[in-house]
Amino acid sequence: MSRLRFTEDQKAAIVSELNAGEMAADVSHRYGVSIRTLYRWRVKCADVKQPAAVSQRLRSLEDENQRLKRQFAELTLDYATLRAALIRDVRGDC
């Protein structure tokens, strides 16, 4: 049995039929692909359509990560300074 190959545009058109509310079994039978393939194409098309939103979310997470790293570094430095001062005070009293 020969394997059908669909272009990305054809896959997008088939997925749009699926998203329009048609039954997955009907669409899969019409084009000769499995239902699982249709759902895989739908996920793939959804990933392609929203790269700007994903990249914007990634950028905001990276910014927040950098901010948190700076805060952590400052708090670590404060902790080390206070700990050293406390140790000096405790040793001086003995």
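Scan the stretch 51-76 and report the pairs whose first residue is on the phi > 0 side of the Ramachandran plot and whose second residue is of a type in the set (K, R) and surrounded by 10 or more Cβ atoms within 10 Å (Cβ to Cβ), with Cβ atoms within less than 8 Å and a gap of 6+ or a chain change.
none
All but one of (1) without any contact (Cβ under 8 Å) to a residue 24 or more places away in the chain; (2) out of contact with any Asp or Glu (no Cβ under 8 Å at 6 or more places or on another chain); (3) surrounded by 11 or more Cβ atoms within 10 Å (Cβ to Cβ); (4) part of a helix (DSSP H, G or I) hold for R36; which doesn't?
Single failed check for R36: (3).
When the residues of the stretch 17-64 are filtered to those that are at pLDDT 90 or above and hydroxyl-bearing (S, T, Y), which remaining residue is farthest from the chain's Cα centre (by Cα)?
Y31
The values are calculated or read from the model by the stated rules, or taken from the named source; none is laboratory data. Values in this document were obtained by computation on a predicted structure and should not be read as measured data. Reconstructed Cβ throughout: ideal geometry from the backbone, glycine too, with neighbour counts over all protein chains shown.
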